[in-house]
Amino acid sequence: MGCAWKINPGLGDLPWFLLFYFVTELGSIQNVRCYTYRELRNATEGFSTANKIGEGGFGSVYKGRLKHGKIAAIKVLSAESRQGVKEFLAEIKAMSEIEHENLVKLYGCCVEDNHRILVYNYLENNSLAHTLLDGGHSHSNIQFSWRTRTKICIGVARGLTFLHEEVKPYIVHRDIKASNILLDKDLTAKISDFGLAKLIPDNQTHVSTRVAGTLGYLAPEYAIRGKLTRKADLYSFGVLLLEIVSGRNNTNTRLSVEDQYLLEWV
């Protein structure tokens, strides 16, 4: 069964064609549970700042305890989020039918009034950006030995291989970066945030699309021509590997000019 949905005041303000697209697409998505806003508000103790575990341009992520005690990461998209309706649906569609050890697991979503919320499995050790690359400000106790770093690199590679080779139609993530690589209690890497993901049929060599992603991780040929292939993810993965090996962000403006950009420095 797809998510039950009704027109709500917040979404009713959308243009009619976008609203029709939203209703049609969400109703066709299978294997996704619909949570009420009240359920998720209770799970996070009123979206308490004490339960906030992340924040970005899309909104905030909270740790919450669902009914029956399951712990979840609850991603609340802000009204000003860069992730619009299409990106919200893209993330749900990309994650609703797939499951892999190196991908986050989507539990469900909430579409009520003007609220757009995604519910994922909770990962104890946050993101690589938070634990490894934030300059020591995360207070993380993780020891990133070479063995651990190798395990993380291989985990991300396995997740990408699954998206690129085993899923049909295959999925190009378009935003592989340190903040989108989460770590569970065993430091197993999980690829997250599929809001920019594109599904590409086997009979197409590429899709032409507006360029999206994060500066510093964008493949030059994709940024210039707008032709998306799996190679865009591989370039981003290469930048991520350099970050994991060096322990520094791909851009750091606090350094001297010649050392600010990781690729140039390497």
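Scanning region 76-87 turns up no residue that is modelled with pLDDT of 90 or more, in a helix (DSSP H, G or I), more than 13 Å from the chain's Cα centre (by Cα) and among the hydrophobic types (A, V, I, L, M, F, W, C). Only residues that are without any contact (Cβ under 8 Å) to a residue 24 or more places away in the chain and either closer than 21 Å to residue 152 by Cβ or more than 20 Å from the chain's Cα centre (by Cα) (or both) were counted across region 224-260, and they come to 16. Of the helices (runs of 4 or more DSSP H) that lie entirely inside region 186-265, those containing 1 or more residues that are touching a Lys or Arg at 6+ places or on another chain (Cβ under 7 Å) span 231-246, 262-265. Regarding residue 107, is this residue closer than 25 Å to residue 163 by Cβ, at pLDDT 90 or above and not in a helix (DSSP H, G or I)? Against the criterion (closer than 25 Å to residue 163 by Cβ, at pLDDT 90 or above and not in a helix (DSSP H, G or I)), residue 107 qualifies. Restricting attention to region 221-259, the residues that are loosely packed, with under 13 Cβ neighbours inside 10 Å and within 20 Å of residue 171 (Cα to Cα) total 1.
Look at region 172-192: where a residue is outside the structural domain of residue 143 (by TED's automatic domain parsing) and among the hydroxyl-bearing types (Ser, Thr, Tyr), no partner that is modelled with pLDDT under 95 and buried (at least 22 other Cβ atoms within 10 Å of the Cβ) sits 6+ places away or on another chain with Cβ atoms under 6 Å.
Taking the listed residues 185, 198, 190, the one that is at pLDDT 95 or above, closer than 30 Å to residue 73 by Cβ and of a type outside the set (A, V, I, L, M) is 190, with no other qualifying.
The values are calculated or read from the model by the stated rules, or taken from the named source; none is laboratory data. Everything numeric in this text was worked out from a predicted model, so none of it was measured. Here Cβ is always computed from backbone atoms with ideal geometry, including for glycine, and neighbour counts include all displayed protein chains.
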